[in-house]
Structure formats: C-alpha cells, structure tokens
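Here's the structure, in structure tokens; my notes come after.
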Amino acid sequence: MPHSPDLLRDLVARTATELGPDAPTLCPPWTVRDLLAHLVVRETRPDTLPGIGLPLPPLQRHTERVQDEVAARPFAELVDQVRSGPPPWWPTRLPVLDRAVNVAELAIHHEDLARARPGWAPTDLPDPVPAQLWGTVRTAGRLLYRDAPCGVVVVAPGHGRAAVRRPPAGRGSVVLTGAPLELLLHAFGRDQVARVEAAGEDRDVQALSSHSRGA
C-alpha cells in the first residue's frame, strides 16, 4: 500500500510549483512560499514547535522568525524539502507516526493552496487517503466540535456515519454530509470552501455556521 503522507507531500509540491511562490493561500497573509516554509519548519526545527502549538507571543515570535528565514530560501529548494519529507532523525520518519501526524495536516494545507485560486475543483485524493481522513474526522471532530451550539453528526457516503457532538439541552443536531476531505475542512474551520451539505433545523444550521473552529 502506498505511504499516504508521501503521496500528499508530492501533491503539495506539484500544486505549489503550479501556483508559484507568491500566490495566495487560505491562510493569509501566508503565500505559497510561507506555507511551504511552515511545513518544512514543523518537520526540521523542534525549537519552533511550541510556537506553533501554544498561543504564547514570545514562542510565536521565535517560530515566525525561523519560518521567515526558511521562506527566504530558493523556492525550488523549499519544494524539494517538502517533497522529500523530514530528515532521518525526525520522529515522523516512522511510517506509523507519519500517518498519524501528517495525513490530515498535509491534506488540509494542500487545499489551502489549491482552493485559494479561482476556478478550483475538489481534489481527487489517492487511496488510501480518504479512508484515513475519515478516521481523523471521527476522532478529531469530537474535539473540534466540542463547543458547537448544537449536536453534530458527520456522514461520509461509502465510509460511515458518526455522532461527534451530542446536542445541548433544547437543541437539535445538524447532519453534515460530504467526502472525508470536505468534512475534515469543515471541522478545521474552512467552511467557506468545504463542500458539505448541512441538514437540520434552520436555527441549528445557522448557529453551527457561525461557530468558530480550529485546532
């Protein structure tokens, strides 16, 4: 079976090359160059990880400085680094960790590139990526929708159905239907580009659409 993160790294690299270093992304003010630098930094510089995961300004400033330095490298070098993955000593060189940590991350950031351009179309992801993303939706969805103002049920045709948030007292549930990638994008707050069908009471659907989410 193909190694999913490597398939996604190659997809990110190819899309970034097509778009060019200065194209916008869904993570403004980051350009394509900045997003690639983020992917490189998170797999090569352990000193930057606290600034990625914790909302502490001194740590974030350090991470931003390092990322800016990496972004200044030749664009082709950044593309090659993303495609080749982390160095041999990095923990996610172990395939099981790589799949657990990077499949969703790479899939989401690929769409941050691809769906920021006019006329984008949904990405046709290779097997076994969709099934792995569905697993992430079912598990991470419980965290990402934990404060949702209504219940949330996710449905991926051909993959399954899961309740990721019980409805609070006096509220109903919204059923979100879409491909695993689309559900993942919705769960991580990319509502504006996630092709997901929401069904439920109008007030619940509207409340969920206003709910802020993200890792």
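The values are calculated or read from the model by the stated rules, or taken from the named source; none is laboratory data. This is a predicted model, so every value here is computed, not measured. Counting neighbours? That spans all protein chains shown, and the Cβs are built from the backbone with ideal geometry, glycine included. These accessible areas exclude ligands, DNA and RNA; they are computed on the full protein's heavy atoms, side chains included. Shrake-Rupley method; radii C 1.70, N 1.55, O 1.52, S 1.80 Å.
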*asked:* Quick check: pseudo-label points 7 Å beyond the Cα along Cα→Cβ at Asp10 and Val155, how many nm apart are they?
replied: 3.5
*asked:* Suppose a student asked you for the relative contact order of region 34-117, using Cα pairs under 8 Å spaced at least 6 residues apart; what percent would you report?
replied: 29
*When the label point is put 7 Å from the Cα of Asp68 along its Cα-to-beta-carbon vector, which residues of region 29-61 have a backbone N closer than 12 Å?*
61
*Just going by the charge dipole of the chain, with Lys and Arg at +1 and Asp and Glu at -1 on Cβ, which of Pro149, Thr15, Gly135 is farthest out on the positive end?*
Pro149
*Approximate spin-label separation Thr17-Ala100, in nm, with each point projected 7 Å along Cα-to-Cβ*: 3.3
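Could you state the accessible area per residue of region 54-115 in Å², with a 1.4 Å probe and every protein chain left in place? Please list the in-between numbers first.
Working: 3270 Å² over 62 residues.
Each residue of region 54-115 exposes 53 Å² on average to a 1.4 Å probe.
Run the accessible area of region 127-185 with a 1.4 Å probe and give the carbon-and-sulfur part as a rounded percent. Could you put the intermediate results ahead of the total?
Details: 1340 of 2560 Å².
That fraction is 52 percent.
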*Return the loop-located chymotrypsin sites (Phe, Trp or Tyr not before Pro) in region 1-93 (DSSP other than H, G, I, E, B) with at most 14 other Cβ atoms within 10 Å of their own Cβ; answer none if there are none.*
Trp89
*For region 1-104, which whole percent of the accessible surface, found with a 1.4 angstrom probe, sits on carbon and sulfur atoms?*
62
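Leaving out ligands and nucleic acids, and using a 1.4 Å probe, what accessible area per residue does region 146-200 come to in Å²? Let's see the in-between values first.
Working: 2510 Å² over 55 residues.
Ligands and nucleic acids excluded, the result is 46 Å² per residue.
For the chain, what does -39500 (n - 2.57) per DSSP helix run (n ≥ 4), summed and divided by total residues, give at 222 nm, in deg cm²/dmol to the nearest 500? Present the calculation step by step, with values, prior to reporting the outcome.
Details: 9 runs with 108 residues, N = 215.
Helix-only estimate at 222 nm: -15500 deg cm²/dmol.
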*trypsin sites (Lys or Arg not before Pro) within region 65-173: which are DSSP loop residues with at most 15 other Cβ atoms inside 10 Å?*
Arg146
